[in-house]
Amino acid sequence: MELLPRSPGEFGSARYWDRFFRQRGQRPFEWYGAFPELCPVLHKYVRPRDKVLVVGCGNSELSEQMYDVGMCKDIVNIDISEAVIRQMQERSGSTRPKMSYLLMDMLQMDFPDAHFQVVLDKGTLDALLTDEEEATIAKVDQMFAEISRVLQVGGRYLCVSLAQAHVLKKAVEYFSQEGWVVRVHQVASSGDKQQFVLPVFVYVMTKFRKIPGSAPQILEICPEEQKPMRMESAERLVAAVKDRQHYALLCSQISKTPCREQVSLDLCDKESGKPRYTLHVVDSPSVKHSRDNHFAIFIIPQGRETEWLFGTEEGRRQLAASAGFGRLLTVALHREQHYEGMAGIQAELSGKVMELAPPGLPARQQVPFLSVGGDIGVRMVRHCDTSPLSGEYVVEDVKGDGSCYFRRLIFLCNRNVVQSEARLLAPTPLPGQKKRRKDKKKPSPAEPPGAIDRSYLCCEHHKAMVAGLCLLGGPDALPGELAVLVVGLGGGSLPLFVHDYFSQARVAVVEIDPSMLEVATHWFGFSQGDRMQVHISDGLDYVAKLAAEAPAQYDAVMFDVDSKDLTVGMSCPPPAFVEKPFLQKVKSILKPEGVFVLNLVCRDTRLKESVLATLRDVFPLLYTRRIKGEVNEILFCQPSPEGRCDAAELGARARALEGALRQPGRPWDSSYVLADMLQAVHIL
């Protein structure tokens with residue numbers, strides 16, 4: 001039996017609804033929103049003594065249920081279908097004497113002005129506003145005008161809706177312009193299988209006398225029985241509702257089928273609206289399901305969300321496979337938020353994450369919360385500021401594996417990338433100071449970090465860049481005095497290491513942002529001296545000036561400079577640094593046996609091929625070294641083909657250089673083996 005209309009316009013036809021209810025018979029028809037779900041919202045706005053008008057009542061049980069539970073007795077129901085009005089009068093006439101059903105068109109109501117305290121609409125606006133044609137909009141305007149007329153000042157128009165964008169926008173704009181307060185409630189789901197995937201909303205429009213002039217609009221949203229959140233515009237309110245609809249669609253989709261691709265979403269703080277958790281849903285189809293390995297939650301320790309295992313798709317895929325769960329939900333914690341330990345996070349997330357459970361999860365299955373070492377890690381923000389060139393940035397200390405702490409510089413325009421990183425030395429007791437006694441109290445999660453460990457290079461690409469300097473010397477000798485130009489300061493770890501371990505090197509650093517020099521000096525142990533000078537300048541201008549005034553003066557030129565333009569598929573260096581005319585200037589300031597070392601981070605395959613082709617045009621000898629698990633690729637470019645080395649000779653030179661750098665009494669990271677850094681190097 002066909003109950004749906006042949007065209008959307010029939011939703012406004014009395015003939016259609018007569019036919020609909022005759023065919024359906026006595027079975028109640030609920031568009032959406034069962035009474036138990038709507039009841040918490042209705043209770044806020046319907047008082048027992050209110051006179052309530054229900055427009056487009058149909059044969060819904062909503063009025064009867066409101067009457068029977070004592071929410072309200074004085075209820076008038078109207079509809080354009082004679083068949084349904086007769087049906088409802090027969091159903092409720094003798095049992096609910098104070099409630100009436102009238103045949104009436106809501107576009108032309110017979111009630112006097114200001115006759116009701118509440119007008120209730122369950123799906124009627126959605127049925128009427130099926131399109132945005134002029135005739136339809138005229139009917140909706142007439143409906144709103146009639147509702148406004150019969151409502152008292154202070155009265156409420158409650159509209160139960162699926163909140164299609166054009167429906168919500170029309171209602172919000174009409175009533176807010178009339179000076180009414182508009183609040184949109186998201187109805188909490190009962191958890192049962194829903195007829196509609198989309199969530200149900202209740203628009204609450206409260207009538208106020210219109211104030212002449214431009215009074216401020218009051219627009220709010222209440223997600224699932226939470227406190228109202230003020231929205232600055234109708235557009236923002238519609239967007240907030242759309243976000244919740246997209247989330248509902250996502251939950252519905254991934255509850256039925258495994259995710260082919262990783263799904264990412266943010267859960268925001270209720271008060272500030274800022275992201276509090278970033279979730280990734282990772283499915284592992286190869287994992288054999290048992291009762292206990294369907295689903296798990298993995299809390300990424302604070303400060304470690306940028307690591308390969310947690311910060312990349314491939315890393316998370318590997319993490320999920322090794323954890324052995326069919327679906328792993330990784331949770332990253334945001335630096336602007338405060339967390340009350342693992343138990344607090346579990347209590348906060350336990351309800352929400354179950355909405356993202358996989359298909360086939362057994363009922364009442366306990367879902368484990370996992371982490372590294374069972375805690376949420378440590379993150380201490382040391383400094384926040386804004387640079388005119390780099391934007392907002394933070395300096396933070398985070399706890400790594402074991403007891404090590406690291407200091408990081410993060411540009412918030414690209415918050416998932418560590419701009420600079422340095423290891424912190426453990427604090428040493430002062431002379432005569434006793435070590436802290438062991439006691440029964442749980443220790444503080446963090447000891448105050450000490451000074452910067454200048455002997456340790458945290459970044460793999462920095463290790464490879466330094467190892468490439470072995471191209472400057474033969475297999476038996478370390479080059480004597482070196483002139484090194486580093487473009488891009490960051491936290492200063494790379495130029496500091498070259499300065500400290502190449503004892504005769506003179507290092508010039510070019511940095512465009514003076515704020516970064518302050519950060520490096522105050523937070524990363526950087527300092528200038530006779531062999532270390534920083535020039536605040538655009539690297540393009542500085543190199544061009546050198547090429548014009550003093551060519552062939554550097555043994556090594558090292559580029560480790562990020563791009564501020566996130567729309568380009570290359571984040572390091574900026575495109576202008578790898579254009580042919582500029583690279584020719586770089587070549588001209590190198591000595592004939594010198595080396596140009598470039599940190600290239602390029603996700604655009606075509607752009608990367610173009611950059612490599614340009615480098616080959618300028619430099620006759622080109623080595624490349626990919627950084628495992630990262631996008632970085634280190635390029636070693638030489639102006640003369642005569643210094644060509646095979647793998648064996650490169651290894652010999654690297655071992656000779658490491659032997660010269662590892663002097664007695666000078667600290668050295670035992671895991672840093674220069675020859676290993678060059679094993680994967682090949683000539684382009």
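Some observations on this one:
- Charge tally around Lys270: other residues with Cβ under 9 Å, Lys/Arg +1 each, Asp/Glu -1 each, net 0.
- Glu630-Ile137 FRET efficiency (beta carbon distance; Förster radius 41 Å; 0.05 resolution): 0.15
- Segment 298-371 - accessible surface per residue (Å², probe 1.4 Å): 43
- Whole-Hz ³J(HN,Hα) from phi, Karplus 6.51 cos²θ - 1.76 cosθ + 1.60, for segment 630-645, glycine and proline x: 10, 7, 4, 9, 9, 10, 10, 10, 10, x, 10, x, 5, x, 4, 10
- Burial ranking of peptide ranges 558-564, 204-210 (average Cβ count within 10 Å, highest at the top): 558-564, 204-210
- At an R0 of 25 angstrom, the distance between the Cβ atoms of Ser455 and His682 translates into a FRET efficiency of 0.25.
- Checking every one of the trypsin sites (Lys or Arg not before Pro) in segment 601-630 against DSSP loop status and a limit of 16 other Cβ atoms within 10 Å picks out Arg603, Lys628.
- Computed over the Cα atoms of the chain, the ratio of the radius of gyration to the Kirkwood radius (Rg/Rh) comes to 1.12.
- Overall form of segment 579-661 per C-alpha gyration tensor (a/c, 1.5; a/b vs b/c): oblate
- Across all C-alpha atoms in segment 319-390, the radius of gyration and Dmax reach 16.3, 54 Å.
- Inter-label distance, Asp385 to Met354: 4.8 nm, where each label sits 7 Å from its Cα along the C-beta direction.
- Over segment 8-249, the ratio between the Cα radius of gyration and 2.2 N^0.38 Å evaluates to 0.97.
- Computed over segment 454-683: relative contact order in percent, which uses C-alpha pairs under 8 Å that are six or more apart: 23
- Of interest is the spacing of the C-alpha centroids, which for segment 587-617 and segment 342-366 amounts to 49 Å.
- For segment 253-334, GluC sites (Glu not before Pro) meeting the loop criterion (DSSP other than H, G, I, E, B) and having at most 12 other Cβ atoms within 10 Å: Glu261, Glu271.
- Chain lengthening between Gln337 and Ser503 when straightened (0.36 nm per residue, less Cα-Cα): 55.4 nm
- Neighbour net charge for Ala508 - beta-carbon separation under 15 angstrom, K R +1, D E -1: -4
- Residue-count net charge about Ile345 - beta-carbon cut-off 12 Å; Lys, Arg +1, Asp, Glu -1: -1
- In this simple spin-label model, placing a label point 7 Å from the Cα along the Cα-to-Cβ direction at both Arg662 and Glu549 gives a separation of 4.2 nm.
- Residues Ser286 and Ala165, FRET efficiency given R0 of 51 Å [Cβ-Cβ distance, rounded to 0.05]: 0.80
- Here the chain carries DSSP beta bridges of which approximately 55% are antiparallel, counting only pairs with both residues inside.
- Per residue of the chain, the DSSP helices (runs of n ≥ 4 H) give a summed -39500 (n - 2.57) that works out to -9000 deg cm²/dmol at 222 nm.
- Relative contact order, whole percent, for the chain stands at 7, derived from Cα pairs under 8 Å and 6 or more residues apart.
- Computed from phi, the 3J(HN,Hα) profile of segment 332-338 under the Karplus parametrisation 6.51, -1.76, 1.60 (θ = phi - 60°) reads 9, 9, 8, 5, 7, 10, 10 Hz, with x in place of Gly and Pro.
- Amide hydrogen neighbours beyond the local backbone of His294, cut-off 5 Å, H modeled: Gly326
- Residues whose placed amide H lies under 5 Å from that of Ser563, excluding near-sequence neighbours: Cys572
- Accessible-area composition of the chain, carbon plus sulfur, in percent [1.4 Å probe]: 51
- Backbone N within segment 621-642 under 17 Å of label point (7 Å from Ala321 Cα along the Cβ vector): 629-630
- Qualifying trypsin sites (Lys or Arg not before Pro) for segment 88-141 [loop in DSSP, other Cβ within 10 Å: at most 14]: Lys98
- Each label was represented as a point 7 Å from its Cα along the Cα-to-Cβ direction; for Val372 and Gln262 these points are 1.5 nm apart.
- Contact order, relative form, for segment 243-349: 28 percent (alpha carbon pairs under 8 Å, 6 or more residues apart, mean separation divided by residue count).
- In segment 454-683, lysine pairs with alpha-carbon atoms under 25 angstrom apart (chain gap of 8 or more, or interchain): 20
The values are calculated or read from the model by the stated rules, or taken from the named source; none is laboratory data. Given the structure is predicted, the values throughout are model-derived calculations rather than measurements. So basically every Cβ, Gly included, is an ideal-geometry build from the backbone, and we count neighbours across all protein chains shown. Accessible surface is based on the protein model in full, side chains and every heavy atom, while ligands, DNA and RNA are left aside. Shrake-Rupley method; radii C 1.70, N 1.55, O 1.52, S 1.80 Å.
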